[in-house]
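A quick write-up on the structure given underneath.
The values are calculated or read from the model by the stated rules, or taken from the named source; none is laboratory data. Please read these numbers as outputs of a predicted model, since none were measured by experiment. Methodologically, a virtual Cβ is constructed for each residue, glycine included, from the backbone with ideal geometry; neighbour enumeration extends over all protein chains shown.
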Amino acid sequence: MIVRGPGNRSESLYLISSYVGVGQEIALNEISATSSSTWPVANLALFFPIRVTDRCLVTGFATVNTVSSGNIDVGLYTYDGSLVVSIGSTAMAGTNAWQAYDTTDTLIPAGFYYLAMAVSNTTASFSRMAPTAGLVAAWGVREQSTAFPLPSSMAASATTRAYVPVFVLMKTSKTKITT
């Protein structure tokens, strides 16, 4: 699902990771309601599988903060676990609002990736879905403890969390690409 979201680039598109990575499974299980919940464990990173269908330019990320507290890091990993780009440790801002994070524009090819999010504490809250932990693990969501800020390579295992935050990869495919 592609929707317009916050940002300063008119051509930016926002891929809702929670729906892109595991969208078919969410639709099949009729999981759509979101609610606010604190981050499960301080310094925990969650990795959500996503599929990028065309070459694109990653321009940033965004989260739906319901309570801003501490720092956040959001990034993109290759499917084999190497960090492609992240925002680095960044102070959270805004309550019940989108927060957009700019990053170095990074050209990526189509393929499978992990969209990752890590938070420094357990008082920060986000809009999220809460399917059963077994479903989230079956969707391929991974987790790694003591992973804040996001590490250069992930050493994650299947998640045990029933936590799917609404956060996004901002990209554009309207960039002229010359090879």
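With the condition kept exactly as written, say whether any residue in region 112-126 is at pLDDT below 90 and assigned to a loop (DSSP other than H, G, I, E, B). No - not one qualifying residue is present in region 112-126. Residue pairs whose Cβ atoms lie under 8 Å apart, separated by 6 or more positions or on different chains, with the first residue in region 101-130 and more than 19 Å from residue 158 (Cα to Cα) and of a type in the set (Asp, Glu) and the second surrounded by 14 or more Cβ atoms within 10 Å (Cβ to Cβ) and modelled with pLDDT under 95, are 102/59; 102/60; 105/57; 105/58; 105/59. Screening region 84-93 for residues that are without any contact (Cβ under 8 Å) to a residue 60 or more places away in the chain and not in a strand (DSSP E or B) and picking the one that is nearest to residue 137 (Cα to Cα) gives 87. In the set (1) more than 17 Å from the chain's Cα centre (by Cα); (2) farther than 30 Å from residue 33 by Cβ, the condition left unmet by residue 108 is number (1). Exactly one residue out of 85, 58 is closer than 24 Å to residue 172 by Cα, at pLDDT below 95, of a type in the set (A, V, I, L, M) and touching a strand residue (DSSP E or B) at 6+ places or on another chain (Cβ under 6 Å): that is 58. The residue that is nearest to the chain's Cα centre (by Cα), counting only those in region 158-173 that are without any contact (Cβ under 8 Å) to a residue 40 or more places away in the chain and in a loop (DSSP other than H, G, I, E, B), is 162.
Among residues of region 143-157 being touching a residue at least 24 places away in the same chain (Cβ under 8 Å) and in a strand (DSSP E or B), the one that is farthest from residue 48 (Cα to Cα) is 153.
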